[in-house]
Every structure is written in C-alpha cells, then in structure tokens.
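Chemist: If you scroll down you'll find the structure; I have some questions about it.
The values are calculated or read from the model by the stated rules, or taken from the named source; none is laboratory data. Bear in mind that the values here come from a model prediction, so they are computed numbers and not experimental data. Here the Cβ is made from the backbone with ideal geometry for all residues, glycine too, and neighbour counts use every protein chain on show. Only protein heavy atoms, including side chains, enter the accessible area calculation; ligands, DNA and RNA are left aside. Shrake-Rupley method; radii C 1.70, N 1.55, O 1.52, S 1.80 Å.
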Amino acid sequence: MTLILAPTAPDEYETLKRLSQRYFGEECLGMETYEAFLSFIQRPYSCWSLKQEERIIGSFSIFRMCDTLLQDVMACHRQEQDITTADLLPLEQGTPLKLYLAAGAVDDLLPANLRLYYAGRLIAGFTSVLLTLREQGYVVEEIYSIAVSEEGKRAGTKLGFKPLIIASCPASITPMRLLVDQQQLRRWHRLRGVAPSMRLPILIS
C-alpha cells in the first residue's frame with residue numbers, strides 16, 4: 001500500500017477538522033470554517049496530508065509570518081487559532097526564512113503501534129518537504145513550533161527541535177525552536193530515505 005504525502009485538498013476539510021479537534025480542541029488553526037480552510041491550503045507548500053489509499057493518516061502545516069507575530073505566538077500572547085492568512089507572509093526564494101510548524105498530528109484512532117509508525121513517516125515527510133524547499137532556493141534558517149502534548153514534544157525532538165523556556169507560557173505548552181545547520185541537514189537527508197512518496201503542489205503563475 002503506497003503512502004503519499006500530498007498538498008491538502010479541499011475535500012479533506014471534514015476529516016482534518018475532526019483529527020485536529022481531537023488533538024488541539026474545538027478551535028483549530030484554519031479549521032473554523034470551510035472558507036478559512038481553503039484560504040490556508042491555497043498557500044503553496046503550506047498544508048500537507050499523509051494518505052494511504054485515500055485514507056488520511058495525518059497532517060501538518062508550515063507558515064511564514066512576521067517576527068512580531070511569531071514572537072507573540074511563541075510567548076503565548078496570541079493563540080494559533082487567532083491567526084488568519086492575512087497575517088502570513090509569502091515564501092521568497094533566496095531570502096532567509098523563519099517558519100512556523102503547526103497542527104502536526106497522526107490519527108489518534110489508530111492502534112498505538114501504527115500511530116508510532118505513521119508518526120515516523122510523517123516526520124520523514126516533513127524533512128522531505130524542507131529539503132525540497134531548499135533545493136528550490138528557499139533558505140529556511142529557523143523553524144518554530146509549540147508542542148501541546150508529550151507526543152508532540154517527542155516528535156519535535158526527533159526532528160531536531162529544542163525546547164525554549166518562556167515564562168509567559170503555561171506548563172502545558174512547550175515552545176520549541178529548530179536551527180537549520182549542516183548537522184540538521186545531514187539528519188534530514190537520512191530521514192528522507194524513509195519518507196513517503198511526495199506529490200508536489202501545482203504552482204499557478
């Protein structure tokens with residue numbers, strides 16, 4: 001059975017909303033309405049779904065935002081669900097980029113052993129996306145994220161994220177940062193070897 005990482009499609013809204021709400025609560029980034037969902041997934045390279053024979057196994061999103069907003073989110077002064085696409089910046093080739101990783105999750109209805117397996121493949125798929133961006137001239141220097149569970153922290157650690165100590169965040173939330181250096185790139189290339197097949201977004205000029 002082929003496992004594919006592909007840009008999130010419009011008809012995946014209901015499934016991804018249920019998956020996200022089980023992990024992150026009723027208010028999830030980009031899931032408030034179908035229209036908001038469409039506005040997020042239309043940003044190239046931003047929203048990804050892991051699928052096997054059309055069943056959605058997991059997903060993640062990566063965005064670029066201004067430094068002020070990023071700092072506010074990481075300090076828990078602003079919530080993910082308050083972000084709109086108007087807050088996001090386009091990816092620009094040749095420009096040093098800071099990205100934010102959001103809503104990484106694997107279907108929690110799967111048995112524990114399968115969740116662990118697919119989490120590893122989702123992590124490898126994420127590295128494949130980042131390496132593809134790099135090969136296309138996008139200079140990603142730092143990636144930030146917020147873990148809301150022990151599972152999220154473990155996945156972040158496997159990717160190379162380090163926890164940040166930010167006093168304004170509650171104990172249940174762990175801000176994390178990943179610096180993209182040569183050591184990380186070597187790790188990512190190794191992980192890419194077990195990444196699922198990737199379907200690239202169709203870019204409309």
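Chemist: Within region 35-71, count every residue that is open to solvent by 20 Å² or more (accessible area, probe 1.4 Å), assigned to a loop (DSSP other than H, G, I, E, B) and not charged (D, E, K, R).
Modeler: Within region 35-71, residues that are open to solvent by 20 Å² or more (accessible area, probe 1.4 Å), assigned to a loop (DSSP other than H, G, I, E, B) and not charged (D, E, K, R) number 3.
Chemist: Within region 16-25, does at least one residue satisfy the condition of being outside any helix (DSSP H, G or I), surrounded by 15 or more Cβ atoms within 10 Å (Cβ to Cβ) and in contact (Cβ under 8 Å) with a residue 40 or more places away in the chain?
Modeler: no
Chemist: Can you confirm whether region 103-121 contains a residue that is open to solvent by 20 Å² or more (accessible area, probe 1.4 Å), under 14 Å from the mean Cα position of the chain (by Cα), of a type in the set (A, V, I, L, M, F, W, C) and under 26 Å from S197 (Cβ atoms)?
Modeler: yes
Chemist: Consider region 157-193. How many of its residues are of a type in the set (S, T, N, Q), within 19 Å of the chain's Cα centre (by Cα) and modelled with pLDDT of 90 or more? Explain how you work it out, then say what you get.
Modeler: First, the residues of region 157-193 that are of a type in the set (S, T, N, Q): 157, 168, 172, 174, 182-184.
Among the residues that remain, those that are also within 19 Å of the chain's Cα centre (by Cα) are: 157, 174, 184.
Pick out the ones that are also modelled with pLDDT of 90 or more and you get 174, 184.
Qualifying residue count, region 157-193: 2.
Chemist: Further question on the same structure: Residues that are under 26 Å from Q21 (Cα atoms) and of a type in the set (V, I, T): find the helices (runs of 4 or more DSSP H) completely inside region 88-205 holding 1 or more of those.
Modeler: On the way: elements: 112-135, 150-159, 182-192.
Because the criterion is at least 1 residues that are under 26 Å from Q21 (Cα atoms) and of a type in the set (V, I, T), the helices (runs of 4 or more DSSP H) in region 88-205 that meet it are 112-135, 150-159.
Chemist: Would you say R154 is at pLDDT below 90 and open to solvent by 10 Å² or more (accessible area, probe 1.4 Å)?
Modeler: On the way: at pLDDT below 90: yes; open to solvent by 10 Å² or more (accessible area, probe 1.4 Å): yes.
Yes, satisfied.
Chemist: In this structure, is E141 in contact with a Pro (Cβ under 7 Å, 6 or more places away or on another chain) and either in contact (Cβ under 8 Å) with a residue 24 or more places away in the chain or over 24 Å from L69 (Cα atoms) (or both)? Write out each step before concluding.
Modeler: On the way: in contact with a Pro (Cβ under 7 Å, 6 or more places away or on another chain): yes; either in contact (Cβ under 8 Å) with a residue 24 or more places away in the chain or over 24 Å from L69 (Cα atoms) (or both): yes.
So E141 passes the test.
Chemist: Name the pairs whose Cβ atoms lie under 6 Å apart, with the first residue in region 66-95 and among the aliphatic types (A, V, I, L, M), the second open to solvent by less than 70 Å² (accessible area, probe 1.4 Å) and in a helix (DSSP H, G or I), and 6 or more positions between them or separate chains?
Modeler: If the second residue must be open to solvent by less than 70 Å² (accessible area, probe 1.4 Å) and in a helix (DSSP H, G or I), the pairs left are L69/D87.
Chemist: Please state which of the following conditions Y13 fails to meet, knowing it meets all the rest: (1) in contact with a strand residue (DSSP E or B) (Cβ under 9 Å, 6 or more places away or on another chain); (2) surrounded by 15 or more Cβ atoms within 10 Å (Cβ to Cβ).
Modeler: So the condition that Y13 fails would be (1).
Chemist: Let me ask you something else. Going by the structure shown, is D11 part of a helix (DSSP H, G or I) and within 21 Å of G156 (Cβ to Cβ)?
Modeler: Numbers: part of a helix (DSSP H, G or I): yes; within 21 Å of G156 (Cβ to Cβ): no.
When the stated conditions are applied, D11 does not pass them.
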